Amino acid sequence: MTRQVPAYFQPTPIALGMAGFAIALSLAACGGGNDDDTPQPPVNQVKAACLALPGQALSDAKVTATKWYDADAALGTPGLCQVLATRAPYLDMEVVVPDGWSGRLWQQGGGGFDGSIPSALTLDAAGHLTALNLAVQKYGAVYAASNGGNRSMVPDQAGPLVFVNGTPEGAQSAKDFAYASLDTTQQVARAVVSKFFAQSPKYSYFNGCSNGGRNAYIAAERWPDRYDGIVSGCEGMDMAGQTAAWMDMARRVGTPAMPSQAQWTATYQAALAACDGLDGVQDGIINNAAACHFDVASQACGAAGASADPSVCLSPAQLQTVQDLLGDMKGPSGEKVYTGYGWANWSAPTYGRLGGGFMALATGDSAWVTSPAKQASYTVASDYALTAASLNAIGADHHKPAIAAYIASGKKLLHWHDGADNLLSWRDHVHNVEAMHALAQQAGLKNPADNSRMFIVPGTSHAGGNPLTVVDWAGAITAWVEKGQAPAQLTVNLPKASPARTLPVCPYTAYPQYSGSGDVNLAASYRCVDNAP
């Protein structure tokens, strides 16, 4: 059966090819606001502006509510205005304005299929502020985020099923999730800044992980003139390939070929036992992945190194599934579709929800979400090409030449991935960053590392490296953009570890190697050592 691109989507591919690089190279730095020392309005004026906003139209949205939070010396937070706005049908947004604004705008991406706002504010049950996003608290930025155009707590307005419900509202929700919510949120945030300060942001940034990482790359390719610096984490710049990888696992769920979660975990633990010490310390992290040559066939039932328990060891079909996850996925003509996963406590039995959602988005068929039989029918040969074309047509996937044009223009792009990502392959992310760098070099950017760098966060599972309290991505990108200080090495704080730890976050292809002395829980006891695969 031939599957068609859903007719209710208007094709919106990025048309910027290699010839468009000349235009991109001439892009001026965005923002253009006043200098950092521009006098700011007193706090009482900021508060008055905050309380006057409800009911006002901003861009094509309407302010539904505002709330003022007084400065809190104990928390170290400034006076804050939280602005909530909405645009039909289901797009909800938050803009947080600090007293003593630094001139920065920080736009935050979402996660999963979105559905809720990743708020800058953490509140207790009584509604009192208990924590504030560091982009606001430490760097004085106006913060903007949205729910991606759907509402997860309202069944008939929640993605991914709302995207394919056959209504105009559903089609707009799908468009918002794909890309349009990012534009509206940026426009609303700039309108709020103008209302409060009568000027534009001096520097604008985008940050996101997972689906927010997808958002970040889309921001670079669609609106390069708006963003001076972008941080994109744990998303590989290829949603068609990622969807294929998820569906290749999902089609095996409920069959003897799918290992149980206990078997996936046991396989990872065996790899960890073999490769943990390659960085000089046994700490539960495979840092030196390039030197890890663990063979998962050793976990096959009957193998010398395998468990004798059939619920833990791998049958031949299960072994093939694990090998398929770790190996590169090929298309019908032998072309690479997706680069195999790195070592992690993989969550393969759950991949159908993610892959099915993107298949529904691409085809308009909700059965990809609701029907295990439909998911079991997936094949790369019959489904991959259409999925790739459809995701591109609706604006949900990426166009590497446009992202390359962004860095070739002089803008800064910081890529990162969790080193033990259980949902997406960091190796595929690296593969696509390198491909994008090659395009930038063809456009005349002699050294892509001048404007674009990739980092691997040691030991974190999917999205574990995302919070700015874990890795200070905001400090890294603002220093790069505003001071020309390119990030050479960052630090990850692992407060949930026992005891709490810090480790270096190294630029790929380096990894943190224990120096042989000093506290193994302190980053200062490690150095970044290159080990190109």
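The values are calculated or read from the model by the stated rules, or taken from the named source; none is laboratory data. A quick note: this is a predicted structure, and the numbers were derived from the prediction, not measured. Glycine also receives a Cβ, built like all others from the backbone with ideal geometry; neighbour counts cover every protein chain displayed.
Miscellaneous remarks
- Matching residues, segment 67-91, being under 28 Å from the mean Cα position of the chain (by Cα), under 15 Å from residue 123 (Cα atoms) and of a type in the set (Ser, Thr, Tyr): 77
- For segment 264-308, a residue qualifies if it is in contact with a strand residue (DSSP E or B) (Cβ under 6 Å, 6 or more places away or on another chain) and either within 15 Å of residue 342 (Cα to Cα) or assigned to a helix (DSSP H, G or I) (or both), and the qualifying residues are 279, 287, 288, 299.
- A single entry from 198, 262 fulfils the requirement of being on the phi > 0 side of the Ramachandran plot and without any contact (Cβ under 8 Å) to a residue 60 or more places away in the chain: 198.
- When residues of segment 106-146 are limited to those that are in a loop (DSSP other than H, G, I, E, B) and farther than 19 Å from residue 93 by Cα, the one farthest from the chain's Cα centre (by Cα): 126
Results for (1) under 19 Å from residue 61 (Cα atoms); (2) surrounded by fewer than 24 Cβ atoms within 10 Å (Cβ to Cβ), shown as yes or no for each residue.
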site	(1), (2)
120	no, no
126	no, yes
153	no, yes
175	yes, yes
181	yes, no
213	no, no
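- Among residues of segment 414-442, those that are in a loop (DSSP other than H, G, I, E, B) and either of a type in the set (Asp, Glu) or at pLDDT below 95 (or both), counted: 1
Every residue, every condition in (1) surrounded by fewer than 18 Cβ atoms within 10 Å (Cβ to Cβ); (2) more than 30 Å from residue 402 (Cα to Cα); (3) at pLDDT 90 or above, yes or no:
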{"site": "1", "(1), (2), (3)": "yes, yes, no"}
{"site": "9", "(1), (2), (3)": "no, no, no"}
{"site": "16", "(1), (2), (3)": "no, no, no"}
{"site": "39", "(1), (2), (3)": "yes, yes, no"}
{"site": "51", "(1), (2), (3)": "yes, yes, yes"}
{"site": "54", "(1), (2), (3)": "yes, yes, yes"}
{"site": "81", "(1), (2), (3)": "no, yes, yes"}
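- Looking at segment 471-533, the strands (runs of 3 or more DSSP E) lying wholly inside it that each contain 1 or more residues that are small (Gly, Ala, Ser) sit at 510-514.
- Only residues that are assigned to a loop (DSSP other than H, G, I, E, B), within 17 Å of residue 42 (Cα to Cα) and either without any contact (Cβ under 8 Å) to a residue 12 or more places away in the chain or not small (Gly, Ala, Ser) (or both) were counted in segment 60-80, giving 2.
- Qualifying residues in segment 83-115 (those that are among the β-branched types (Val, Ile, Thr) and under 20 Å from residue 129 (Cβ atoms)) - the one surrounded by the fewest Cβ atoms within 10 Å (Cβ to Cβ): 96
- Exactly one residue out of 400, 412, 446 is surrounded by fewer than 19 Cβ atoms within 10 Å (Cβ to Cβ) and of a type in the set (Lys, Arg), and it is 446.
- Within segment 504-517, considering residues that are free of Cβ contacts under 8 Å to residues at least 60 places away in the same chain and closer than 19 Å to residue 414 by Cβ, the one surrounded by the most Cβ atoms within 10 Å (Cβ to Cβ): 506
- Long-range neighbours under 8 Å by Cβ, at least six apart or interchain, first residue in a helix (DSSP H, G or I) within segment 317-330, second buried (at least 18 other Cβ atoms within 10 Å of the Cβ) and basic (Lys, Arg): 321/252
- Within segment 105-120, the only residue that satisfies the criterion of being among the aliphatic types (A, V, I, L, M) and in contact (Cβ under 8 Å) with a residue 60 or more places away in the chain is 105.
- The residues on offer are 372, 458, and the sole one that is over 28 Å from residue 183 (Cα atoms) and touching a Leu at 6+ places or on another chain (Cβ under 7 Å) is 458.
- Set 470, 457, 520: member being surrounded by fewer than 20 Cβ atoms within 10 Å (Cβ to Cβ), within 22 Å of residue 277 (Cβ to Cβ), among the aliphatic types (A, V, I, L, M) and at pLDDT 95 or above: 520
- Count of residues meeting criterion [among the β-branched types (Val, Ile, Thr) and within 12 Å of residue 258 (Cα to Cα)] in segment 289-334: 2
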